[in-house]
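A short worksheet on the structure shown next.
Here, each number is a calculation from the coordinates, and none is a lab measurement. Since the structure is predicted, the reported quantities are computational estimates derived from the model, not experimental observations. FYI the Cβ positions are ideal-geometry reconstructions off the backbone, even for glycines, and counts take in every protein chain you see.
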Amino acid sequence: MRERAREVAAALADATGARVVVVGMPHGYLLATPAPTDPARFAAVLPTLGLADRFGHSTRHGGVLWCELTVD
């Protein structure tokens, strides 16, 4: 699972051009990164978010994309 979190974090960093924070949780991993302001870059991130089990975004703090990878 750790490897999957690294792979998704690297893909998110490439897609957003920003640092990705990875937090270990009892049920898996939470990854978060600033949301791109450029609409084209934001659209390019969506396939990467689809690699996760759950994902979303928040408009708080200037916009944050997040995703969760769960441990079965």
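Some notes on this structure:
- Among the residues of region 19-41, the one identified as surrounded by 13 or more Cβ atoms within 10 Å (Cβ to Cβ), more than 16 Å from G56 (Cβ to Cβ) and either hydrophobic (A, V, I, L, M, F, W, C) or within 11 Å of the chain's Cα centre (by Cα) (or both) is V22.
- The set of residues in region 42-72 being within 10 Å of the chain's Cα centre (by Cα) and either within 16 Å of R2 (Cα to Cα) or aliphatic (A, V, I, L, M) (or both) consists of V45, L46, L49, L51, A52, V64, L65, C67, E68, L69.
- For region 16-38, the tally of residues that are out of contact with any strand residue (DSSP E or B) (no Cβ under 9 Å at 6 or more places or on another chain) and on the phi < 0 side of the Ramachandran plot stands at 3.
- Yes/no for G50 being in contact with a Pro (Cβ under 8 Å, 6 or more places away or on another chain) and of a type outside the set (S, T, N, Q): no
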